[in-house]
Amino acid sequence: MRKGFVAVGVALAAVLAFSPLAWSTAKSIKVGINAEITGDIPKVGEGTKFAAQMWLEEVMAAGGLEVGGKKYPVELVVEDNEAKAESAVKANTKMITEDEVLVIVGPQSSKQAIPAGDVANNYATPMITPWSTNPDATKDRPFVFRGCFLDPFQGPVLANFITEEFGFTKAAVLYDVASDYPKGLAEFFKEAWEKVHGPGSVVAFESFTTKDADFSSQLTKIIQSGAEVLFTPQYYNEVALIVQQAHELGWNKPIVGSDSWGSAETVELCGKDCTAFSSAAITPQPAPRVPPRISSIATRQNSAMCPTMWPP
């Protein structure tokens, strides 16, 4: 989410340049923020809102956002999608039809970004999701963009990483079947894993439904399956519960996650029990260098930092 607003700033100017009628008569450029401020993953929305405010400060310090050779002041319109698909749709509809925003950033989660993207595309309003890795968020939608990799890429990378790092051949997967992101990534991971290790090498493919808090049944099956590693592409609010319950049931093998683990809250709630996760960060600089923007964010709002979302 934080990483998105540097690229988004450039993308906004580029996208709006192709819609001169939208901004040529405007006194300011209204940017909509569709964020998960409340609901299951409020830290995601908190980071989104904070990043947007930092980006706005930078834009205003530069005298506005330059489009078509002219600088315009920027206004933010922030809407809470409550981490719900229907609320994300309502937020986009309101911002486009009532607030008259010219471009929208977010939602972050694929569960919200996919339906919200349909609204933006239908209204021919550019939308950029910094964090949605599900292909359906942008598929066949010329007005919807993303600032991250795709799950068809992430799934094989994770499968190869686990294979090379641990040498395992049997994996288990636990995912939320009612949420687009974990469901899609779980399927891409399974396909990639079995391509490497053969059919049936994902020895347990267990699911649950959003809001579930007891995973003992699925975890018992996973433990009994003979799996050597557990892959669970869930959000920070669920990871700690899964890890804790797995250990209580006797699981003592690695548990691996995805980019959705990339939150300070994952580290706080899960700690050393969480083995690894993939990152959506773009870091062209050598590892020892810490870009000034990262230092600035960390200094100003450490609690909202998310390592997978640091800007370049």
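Computed from the coordinates by the stated procedures, all read-outs in this text should not be read as laboratory data. Note that the structure is predicted; figures quoted are calculated from it, not measured. No Cβ is skipped: glycine too gets one built from the backbone with ideal geometry, and neighbour counts run over all protein chains shown.
In table form, for the structure just shown:
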quantity: For L65, distant residues with modelled amide H under 5 Å away; calculated: Y72, V74
quantity: Neighbour-count ranking [beta-carbon atoms within 10 angstrom, fewest first] of F189, F208; calculated: F208, F189
quantity: Filter on K94/K211; K84/K221; K49/K195; K190/K211; K139/K211; K30/K183 - keep pairs with C-alpha separation over 32 Å; calculated: K49/K195; K30/K183
quantity: Sequence-distant residues sharing a close amide H with F145 (under 5 Å, placed H); calculated: M127, I128, T129
quantity: Low-density loop positions, trypsin sites (Lys or Arg not before Pro), the stretch 176-248 - DSSP coil, at most 14 other Cβ in 10 Å; calculated: K211
quantity: Stretch gain in nm, segment K71-T93, where the contour uses 0.36 nm per residue and the Cα spacing is subtracted; calculated: 5.2 nm
quantity: Radius of gyration and maximum dimension Dmax of the stretch 151-273, Cα, Å; calculated: 13.1, 37
quantity: Per-residue HN-Hα couplings for the stretch 204-210 [Karplus 6.51, -1.76, 1.60; θ = phi - 60°; Hz; x = Gly/Pro]; calculated: 8, 10, 9, 10, 9, 10, 3
quantity: Listed residues N81, V173, I104: farthest to the positive end of the dipole of the stretch 79-192 (Cβ charges); calculated: V173
quantity: Extension gain, M60 back to F166 (0.36 nm per residue minus Cα-Cα distance, nm); calculated: 33.3 nm
quantity: Difference of contour (0.36 nm per residue) and Cα-Cα distance, N122 to V177; calculated: 17.1 nm
quantity: Spatial separation of Cα centroids for the stretch 53-98 and the stretch 218-273, in angstrom; calculated: 36
quantity: Note, ³J(HN,Hα) from phi for the stretch 173-188, Karplus 6.51, -1.76, 1.60, rounded to Hz, x at Gly and Pro; calculated: 10, 10, 8, 8, 6, 9, 10, 4, 5, x, 4, x, 5, 4, 5, 5
quantity: Sequence-distant residues sharing a close amide H with E36 (under 5 Å, placed H); calculated: G45, N81, Q108
